[in-house]
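Here the structure is laid out as structure tokens; the discussion comes afterwards.
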Amino acid sequence: MKFGKFNLEIVRESSFRLDGGAMYGVVPKTLWSRGVDVDEANRVLLNCNLLLIETPKGRVLVETGMGNRWSDIEKDRYQLESLVSPDSMLNQLGLSNDEVDAVLISHLHFDHAGGATIEKDGVLVPAFPKAKYYVQKGEWEFAHNCNARARGSYRFEDFEPLLEHGVLEFVDGDKEILPGVWLKVTGGHTSHHQVIYFESEEQSGVYFADILPTAGHVQPPWVMGYDHYPLTSCDIKSEWLAKAVEEKWLVVFDHEPGIPWGHVSINEKKKFQFEPLAAETLQSCRRAEATG
């Protein structure tokens, strides 16, 4: 999709399921289950939606998804289905992993950093060998010193090889990675969770990551039970959604199984509502140009 001087592409990396109660926190199932794909085990369907931002100065990949280094028991637990191979994640766009310049990871949970590394000849190496990976320093420190509640969401093998191979860049606060592509710290989901804000030719957009994972979480109080700081998440969502409405931002959801991008408006009940773009916008501009 053209976006000012940028080109945006969605890559569906995987589909999986997590417990609905955990995904919607204190919101009753009688509310969150309306129109949501929920199975007999109370698990809701989710996707890992990666965002490729092609700018005049380089290619940026936002998130890396789940990867494929999972046991059969874990695959069954999450009903995990890999949709692309980690070592050829962008092949559907006519690109190789070598053609990515920067990888932005919102936080280091396994469904965001799992595809950051791949196994080659029994050794874990960066999946995008020519890219720099950008992670908040505070997120890295917390992952290595977290309490028992948070520990299960981190797998060191997802991200420690990045440091060993010299491709990891620590960020301390907000930072512009390439012209028009920003990391913005929000906290909430984790203490140093970051979203990705991008702008080109008076158009603006935000990849919300786990502050707002699906269209079903568009109301500020609808925050995940997984959030370390749910009240912060609620406040941050209110602030960012208000800006998105006022300035007509493109919003992108990391775990939405339907159309993952569109715009936010306020309805007659004074509530936020998501207006998805047409399904055709998910068709790759690169594929269309190649076949056109």
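The values are calculated or read from the model by the stated rules, or taken from the named source; none is laboratory data. Everything numeric in this text was worked out from a predicted model, so none of it was measured. Methodologically, a virtual Cβ is constructed for each residue, glycine included, from the backbone with ideal geometry; neighbour enumeration extends over all protein chains shown.
Worth a mention:
- Members of segment 164-220 found to be closer than 20 Å to Trp261 by Cα and either touching a Pro at 6+ places or on another chain (Cβ under 6 Å) or of a type in the set (Lys, Arg) (or both), listed by number: Lys184
- Enumeration of residues in segment 52-67 that are surrounded by fewer than 24 Cβ atoms within 10 Å (Cβ to Cβ) and under 15 Å from Pro260 (Cα atoms): Leu52
- Checked against (1) within 23 Å of Ser14 (Cα to Cα); (2) touching a helix residue (DSSP H, G or I) at 6+ places or on another chain (Cβ under 8 Å), Phe142 passes all but a single condition, namely (1).
- The residues of segment 86-106 that are touching a Ser or Thr at 6+ places or on another chain (Cβ under 8 Å) and within 18 Å of Glu176 (Cβ to Cβ), listed by number, are Val103, Ile105.
- Every condition in (1) surrounded by 15 or more Cβ atoms within 10 Å (Cβ to Cβ); (2) under 16 Å from Pro257 (Cβ atoms) is met by Glu81 except one, and the failing one is (1).
- Subset of segment 144-172 that is of a type in the set (Gly, Ala, Ser) and modelled with pLDDT of 95 or more - its residue that is farthest from His192 (Cα to Cα): Gly166
- Helices (runs of 4 or more DSSP H) contained entirely in segment 91-197, each with at least 1 residues that are free of Cβ contacts under 8 Å to residues at least 12 places away in the same chain and of a type in the set (Asp, Glu): 137-143, 156-164
- Residue in segment 169-178 that is buried (at least 19 other Cβ atoms within 10 Å of the Cβ) and within 20 Å of Thr55 (Cβ to Cβ) present: yes
- Residue within segment 121-131 that is among the charged types (D, E, K, R) and modelled with pLDDT under 95 present: yes
- Checking each residue in segment 141-157 for being polar (S, T, N, Q) and closer than 17 Å to Phe170 by Cα picks out only Asn145.
- Subset of segment 19-34 [in contact (Cβ under 8 Å) with a residue 40 or more places away in the chain and surrounded by fewer than 21 Cβ atoms within 10 Å (Cβ to Cβ)]: Gly21, Ala22, Gly25, Val26, Val27, Trp32
- Among the residues of segment 198-219, the ones that are closer than 21 Å to Tyr134 by Cα, among the hydrophobic types (A, V, I, L, M, F, W, C) and either touching a residue at least 40 places away in the same chain (Cβ under 8 Å) or surrounded by fewer than 19 Cβ atoms within 10 Å (Cβ to Cβ) (or both) come to 5 in all.
- Those residues of segment 38-49 which are assigned to a strand (DSSP E or B) and either free of Cβ contacts under 8 Å to residues at least 60 places away in the same chain or hydroxyl-bearing (Ser, Thr, Tyr) (or both), in sequence order: Val38, Arg43, Val44
- In segment 39-61, the residues that are touching a Gly at 6+ places or on another chain (Cβ under 8 Å) and within 24 Å of Val84 (Cα to Cα): Arg43, Val44, Cys48, Leu50, Thr55
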